[in-house]
Every structure is written in structure tokens, then in C-alpha cells.
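Asks: Before we start, here is the structure in question, set down as C-alpha cells.
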């Protein structure tokens, strides 16, 4: 590797020359004026709250994942229990047994996003040790074994019979392929996307990064389809044929008051998904959803801005129609409290993870 290539493999330059690693506000600040214009048009800074009336704050911030699961048909999501802060270990174990949950399990905060705090646990001891660090509600749910994951952006205008898919993102987990000579850490250093994840992986795997994989052996290091956890996002919107739209629309219309957001789905195969079988909805996200197919490396920052604004306009139109039917927008007081509580919650979560 030349000196110039080594320079470009440093984290600072990886982030500088690849907009997908820029901070949220660095990406969005250039299109915030459009958001403000939309707010002015409806005389509300928090119009988004009317988009999904049955989800807290429309699903923009601080929404409970457990409460969203409760309005979904149970066959579509993993078996899940809620563990409040400070619950006794014996009570947690009893809940797991009562729900017939089997290891491995997924543990994650009831409120939060971008994969923060999500962990796969393989034993009871590992579960209890992890979950008792958190001073807020946590979810424990079945691990979905399907190897494929996709995010499907869905919307439906109120009073319209059919919904639409506006974007599909394929998620490729952080994994390495052995060559019989290099350690896992050395394999990671060959890929710019993975270099940024090495500090977190060192905490997760420790000396495991020094393992040498057999030639051709593949190892998934982070089994979560999250961009912030090293997954590569690809735009698969071309998958949205009539069959897939019909399946997703049928599901979403069974979720009361859901008009706009993204479904994160694990599935066995695309063909089975189009038949409406062998899949599970890991999360259903509302008004705060990003059109994450914009993170496909083929897209420029200008493409991303175009997709962001397009989805904001859809959100705005849906919110206006619901408001016209009597759904109120959040008040200024409620909206400011939501942002204050979000900052407080994020600081608390960041201090733990």
C-alpha cells in the first residue's frame, strides 16, 4: 500500500471523502431551510406528529418500540418482553420462561435508534449482566435467524386505498472472509468501511480480533443491519414490484394509524418475502425514518438531499391530511419537551454504551 493509500485509510479522511459517514447535522443542515418552509406553510414546527396518530410523536423521537409492537399483528414481529429498570434477576428469568424465549436473544433499549445498545446474548448470565446496566426500559426478544435484512420505506395517504413503497435498502452485515494468513483485525484494515468499526470491535471481541480464519471462511462480526454498526447499505428499490407492494401494504394496513415510515425486516429469501412468508419485522419506524437507501455508496450528497426532501414532502402531505381530519399537531410546549427529553436520554445512553 502506497503512502497516499495509507493516508486515505485513516479514519479522518475516510469520513471526509465519504459523505455517508458525516454527522447527521452536517448532512441535513443544507436542507433545513426546506423543512422550515414546510413548517411555516402549516404554522407548526411539529407537523410530523400528525403523520402516524397511534404512535407517540408520530414516531419522530422517543417512541416506545414495545408500544409499536402492541399495535402490530403479533405474527409479524419477534416474541418480545419488556424489562423495566431495576427488575430482579429472578423476575426477568421468569418472564423469559413464560414467553418461551430461547437463547440466543436480542436485547435493546425500548427507546432509541441507530443500533445503539443492541446486543445479541447467548446465555442467561450474559443477558442479566448486560441488561442490568441500563436505567430505563429494555426489550428482550427472540433472535430472528433469517440471514437477509432489508429496510422498506412505506407510505399511504389517508383515505387512499393502497400504499406505496418509496425505497428499499438492502443491508449487508459487517463480515470478513479469511485467507488463512491474516488475523481478523488485519482483514478489517483492508476495508475502509470496517476501519471505522475497529475500536468498537476491540471492545466487543478483545483478543478475538487476533484469530486467523481459514481460507474462504466467512465470519459475521456484527449481526445487525445498521449503518452505524458497519453494515453496507445498497439501494434495492427496483425490487418493489406489484407482489412485494401488495404484501407490505397488507401488513401496514393492519397497523392502525400507520401511514409513513420504514419497516426493518429479516427474511429468508426475496421470493418468500414476496409470498408473505418466512420473514419478521424487527422494527417499525415512523416519522423520524430516513430513506436509508440514500446511503448506497453510488449516491452523491446531492442524491441524498433529493431523497430526503422528497420524503419530507410526503410526510408533510400526510400530516396535513390527517390534521384536516381532526388530528392535532403537537404544541410548542410538547415539542420542546420532546427534544429536551431526547437530549437527556441520549446522554444517558451514550454514557453506558
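Asks: State yes or no: is residue 276 farther than 18 Å from residue 67 by Cβ, over 20 Å from the mean Cα position of the chain (by Cα) and in a loop (DSSP other than H, G, I, E, B)? Reasoning before the result, please.
Replies: On the way: farther than 18 Å from residue 67 by Cβ: yes; over 20 Å from the mean Cα position of the chain (by Cα): yes; in a loop (DSSP other than H, G, I, E, B): yes.
In short, yes.
Asks: Also, quick follow-up: Restricting to region 100-132, give me the number of residues that are assigned to a loop (DSSP other than H, G, I, E, B) and over 27 Å from residue 59 (Cα atoms).
Replies: We begin by selecting, within region 100-132, every residue assigned to a loop (DSSP other than H, G, I, E, B); these are 100-104, 110-118, 122-123, 132.
In the following step, the residues that additionally are over 27 Å from residue 59 (Cα atoms) were identified as 100-104, 122-123.
Residues that pass the stated criteria total 7.
Asks: Checking residue 269 against (1) free of Cβ contacts under 8 Å to residues at least 60 places away in the same chain; (2) more than 23 Å from residue 109 (Cβ to Cβ); (3) surrounded by fewer than 17 Cβ atoms within 10 Å (Cβ to Cβ), which test does it fail?
Replies: Against the list (1) free of Cβ contacts under 8 Å to residues at least 60 places away in the same chain; (2) more than 23 Å from residue 109 (Cβ to Cβ); (3) surrounded by fewer than 17 Cβ atoms within 10 Å (Cβ to Cβ), residue 269 comes up short only on (1).
Asks: Kindly indicate which of 323, 311 is at pLDDT 95 or above, in contact with a helix residue (DSSP H, G or I) (Cβ under 6 Å, 6 or more places away or on another chain) and part of a helix (DSSP H, G or I). So that I can check it myself, show each step before the final result.
Replies: Working: 311 fails: in contact with a helix residue (DSSP H, G or I) (Cβ under 6 Å, 6 or more places away or on another chain).
The unique qualifying residue is 323.
Asks: For region 73-86: of the residues being surrounded by 13 or more Cβ atoms within 10 Å (Cβ to Cβ) and touching a helix residue (DSSP H, G or I) at 6+ places or on another chain (Cβ under 8 Å), which is farthest from residue 276 (Cα to Cα)?
Replies: Quick first cut of region 73-86, residues surrounded by 13 or more Cβ atoms within 10 Å (Cβ to Cβ) only: 76-83.
Remaining after also requiring touching a helix residue (DSSP H, G or I) at 6+ places or on another chain (Cβ under 8 Å): 76-77, 80-83.
Numbers: 76: 10, 77: 13, 80: 21, 81: 25, 82: 27, 83: 31 Å.
Per the criteria, the residue is 83.
Asks: Next up: May I ask you to verify whether residue 281 is touching a helix residue (DSSP H, G or I) at 6+ places or on another chain (Cβ under 9 Å), within 30 Å of residue 193 (Cα to Cα) and crowded, with 20+ Cβ neighbours inside 10 Å? Talk me through it step by step, then tell me what you get.
Replies: Details: touching a helix residue (DSSP H, G or I) at 6+ places or on another chain (Cβ under 9 Å): yes; within 30 Å of residue 193 (Cα to Cα): yes; crowded, with 20+ Cβ neighbours inside 10 Å: yes.
Here the answer is yes, as residue 281 does meet what is asked.
Asks: Moving to a separate point now. Can you tell which of 141, 132 is surrounded by 15 or more Cβ atoms within 10 Å (Cβ to Cβ), at pLDDT 95 or above and farther than 30 Å from residue 238 by Cβ?
Replies: Details: 132 fails: at pLDDT 95 or above.
Just a single option satisfies the conditions, and that option is 141.
Asks: Give the number of residues within region 216-240 that are surrounded by 14 or more Cβ atoms within 10 Å (Cβ to Cβ), assigned to a loop (DSSP other than H, G, I, E, B) and at pLDDT 85 or above. Don't jump to the end; show me each part of the working.
Replies: So in region 216-240, the residues surrounded by 14 or more Cβ atoms within 10 Å (Cβ to Cβ) come out as 219, 221-237, 239-240.
Remaining after also requiring assigned to a loop (DSSP other than H, G, I, E, B): 223-226, 230-231, 236, 240.
In the following step, the residues that additionally are at pLDDT 85 or above were identified as 236, 240.
Within region 216-240, residues that are surrounded by 14 or more Cβ atoms within 10 Å (Cβ to Cβ), assigned to a loop (DSSP other than H, G, I, E, B) and at pLDDT 85 or above number 2.
Asks: Right, next: Restricting the first residue to region 326-341 and requiring it to be more than 20 Å from residue 64 (Cβ to Cβ), which pairs with a second residue that is assigned to a loop (DSSP other than H, G, I, E, B) meet a Cβ separation below 8 Å and a spacing of at least six or different chains?
Replies: Taking only residues 6 or more apart or on different chains, the pairs are 329/44; 329/46; 331/46; 332/45; 332/46.
Asks: Residue 124 is checked against (1) in contact (Cβ under 8 Å) with a residue 24 or more places away in the chain; (2) more than 21 Å from residue 345 (Cα to Cα); (3) more than 17 Å from the chain's Cα centre (by Cα); (4) surrounded by 19 or more Cβ atoms within 10 Å (Cβ to Cβ) and fails just one. What number does that condition carry?
Replies: (4)
Asks: Another question, then. Any residue at all in region 243-263 that's outside any helix (DSSP H, G or I), in contact (Cβ under 8 Å) with a residue 60 or more places away in the chain and farther than 22 Å from residue 73 by Cβ? Show your work before the answer.
Replies: Residues of region 243-263 that are outside any helix (DSSP H, G or I), as a first pass: 254-263.
Filter again for in contact (Cβ under 8 Å) with a residue 60 or more places away in the chain, leaving 254-263.
If we keep only those that are farther than 22 Å from residue 73 by Cβ as well, we get none.
Scanning region 243-263 turns up no residue that is outside any helix (DSSP H, G or I), in contact (Cβ under 8 Å) with a residue 60 or more places away in the chain and farther than 22 Å from residue 73 by Cβ.
Asks: Look through 259, 295 and report the one residue that is at pLDDT 95 or above, in contact with a strand residue (DSSP E or B) (Cβ under 9 Å, 6 or more places away or on another chain) and surrounded by 15 or more Cβ atoms within 10 Å (Cβ to Cβ). Please lay out each step first, then the result.
Replies: Details: 295 fails: at pLDDT 95 or above.
When all the criteria are applied, what remains is 259.
Asks: Quick check on region 116-135. Is at least one of its residues touching a helix residue (DSSP H, G or I) at 6+ places or on another chain (Cβ under 6 Å) and in the same structural domain as residue 320 (by TED's automatic domain parsing)?
Replies: no
Asks: OK, next. When only residues in region 144-159 that are on the phi < 0 side of the Ramachandran plot and loosely packed, with under 15 Cβ neighbours inside 10 Å count, which is modelled with the lowest pLDDT?
Replies: Only one residue tops the list, namely 147.
Asks: Which residue is surrounded by the fewest Cβ atoms within 10 Å (Cβ to Cβ), if the candidates are limited to region 23-54 and must be under 30 Å from residue 139 (Cα atoms), touching a residue at least 40 places away in the same chain (Cβ under 8 Å) and out of contact with any strand residue (DSSP E or B) (no Cβ under 8 Å at 6 or more places or on another chain)? Please lay out each step first, then the result.
Replies: So in region 23-54, the residues under 30 Å from residue 139 (Cα atoms) come out as 23-25, 46-54.
Now drop any that are not touching a residue at least 40 places away in the same chain (Cβ under 8 Å), which leaves 46-54.
Filter once more, keeping what is out of contact with any strand residue (DSSP E or B) (no Cβ under 8 Å at 6 or more places or on another chain): 46-50, 53-54.
Working: 46: 22, 47: 24, 48: 28, 49: 27, 50: 27, 53: 19, 54: 16.
Checking each candidate, the answer is 54.
The values are calculated or read from the model by the stated rules, or taken from the named source; none is laboratory data. Source: prediction; values computed, not measured. Every residue, glycine among them, receives a Cβ derived from its backbone with ideal geometry; neighbour counts consider all protein chains shown.
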